[in-house]
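Here the structure is laid out as structure tokens; the discussion comes afterwards.
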Amino acid sequence: MLKPRGAGRRPAAGLADVLLVACAALDVRLQLDHADPLELALSALACGALTVRRRIPQAVFLLSLPAALFSSVVVVPLAALYTLAERSRNRPLLVACATASAVASALPWPLSDYASDDRIWTFIDFVYLLATAAAPVFLGQLVQARRDVSARLAEVEEVREHERRLHAQGVLARERAQLAREMHDVVSHQVSLIAVRAGALQVGAKDAATREAARTIRRLSVTTLDELRHMVTLLRASGGRSTEPTPQPTLAELRQLVDTSGIDVTLAGELPPGIGAPAQRAVYRTVQEALTNVRKHAPGASATVALWHEGAELGVTVVNTPPTRPVLRLPSARHGLVGLAERAENLAGAFESGPTPDGGYRARLSLPATGD
């Protein structure tokens, strides 16, 4: 029986929280032997808040500041800073929190004991404490970056596996198409000649047995031709819509392409009926390549596929939003975009692509409305 993902981590995380709270409580106990009740209460509250540090890290950090101000506790502010850095992507906020923690730890308490002679030592303490506070911030950011890279690598591996499957399916489709052509051009032609010759023999033969044999050969040849045509049709279909790509895609498969892209895609607009097969394939391939690029280079982004028809032109525009997750830069030769531009040029159209002002990407194909 398979365990739910992350089920094994919850007990370990709970045990880590218990140990962390115990260490923080021991740290407070050693620092506050003769503290007043208010200081003890605030320090105990900061220690207890560590149990919810993963859910509300900013609030837990704010609760750690009084403990750092009242005493020289170490565990509570450092743990709060680490959790905040491991969860937040706001760099200015992390700098401000590290500085605030160093200030709270460096200032003497009560503040009325602060004298002008203590300024130099207070500044020196602040510098050392700021360096100490930077350590959990850097560690938390490192853990966050490692988690992002692991997730991105898993996504890249998924994309590669998807591409390997598509390549294998493409090879299979080409082999089947070649086999279908061979059966249609060679085998069917030869069987048709057999049927014609058998028909001629049936008409011209004087012997009854010969005519009957010719009739049988002709009937079997016609049946074989019907079977061959059926097999050629199946081979050209490449095994069905759900598992293998259609060799000659049309606009009828555009909705299925959008639904199975694994991206949040909005399909809008429509094209006039009766446009030629080459134009339909160009629109289909443009949408396919654009959505593939979104999946590779803009993780977490959504896309809009807009079909349009304006005067003597028709086409499609694909626009995606900026990525919402860290992007792992991958080498790319941009062969897909070059191929789309060449396909559009062959159809007397145009293809253009480039980034949008908000950080997304836009691809646009335009074709003559009267072209095939």
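Residue by residue, here is whether (1) touching a helix residue (DSSP H, G or I) at 6+ places or on another chain (Cβ under 7 Å); (2) more than 21 Å from A348 (Cβ to Cβ); (3) not charged (D, E, K, R) holds:
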{"position": "Q256", "(1), (2), (3)": "no, yes, yes"}
{"position": "S261", "(1), (2), (3)": "yes, yes, yes"}
{"position": "G274", "(1), (2), (3)": "no, no, yes"}
{"position": "R285", "(1), (2), (3)": "yes, no, no"}
{"position": "Q288", "(1), (2), (3)": "yes, yes, yes"}
{"position": "R295", "(1), (2), (3)": "yes, yes, no"}
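Quick check on my filter: what residues within segment 195-231 are surrounded by 15 or more Cβ atoms within 10 Å (Cβ to Cβ), among the hydrophobic types (A, V, I, L, M, F, W, C) and modelled with pLDDT of 80 or more?
A198, L201, A205, A213, A214, I217, listed by residue number.
Return the only residue of V186, V143, V171 being at pLDDT 85 or above and not aromatic (F, W, Y). First the steps, then the outcome.
Numbers: V186 fails: at pLDDT 85 or above; V171 fails: at pLDDT 85 or above.
Step by step, each of V186, V143, V171 is checked, and only V143 is at pLDDT 85 or above and not aromatic (F, W, Y).
If I ask for residues that are at pLDDT 75 or above, surrounded by fewer than 16 Cβ atoms within 10 Å (Cβ to Cβ) and in a helix (DSSP H, G or I), which ones from segment 232-257 would you list?
Hits for segment 232-257 are A252, R255, Q256.
Residue-by-condition table, conditions (1) surrounded by fewer than 21 Cβ atoms within 10 Å (Cβ to Cβ); (2) of a type in the set (D, E); (3) assigned to a helix (DSSP H, G or I):
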residue: A46; (1), (2), (3): no, no, yes
residue: L50; (1), (2), (3): no, no, yes
residue: R54; (1), (2), (3): yes, no, no
residue: Q58; (1), (2), (3): yes, no, yes
residue: F61; (1), (2), (3): no, no, yes
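Exactly one condition in (1) over 20 Å from S101 (Cβ atoms); (2) at pLDDT 75 or above; (3) surrounded by 11 or more Cβ atoms within 10 Å (Cβ to Cβ) is false for D17; which is it?
(2)
Which condition does L78 not pass, out of (1) at pLDDT below 80; (2) part of a helix (DSSP H, G or I); (3) under 38 Å from the mean Cα position of the chain (by Cα), if it passes all the others?
(1)
The values are calculated or read from the model by the stated rules, or taken from the named source; none is laboratory data. Computed from a predicted structure; not experimentally measured. So basically every Cβ, Gly included, is an ideal-geometry build from the backbone, and we count neighbours across all protein chains shown.
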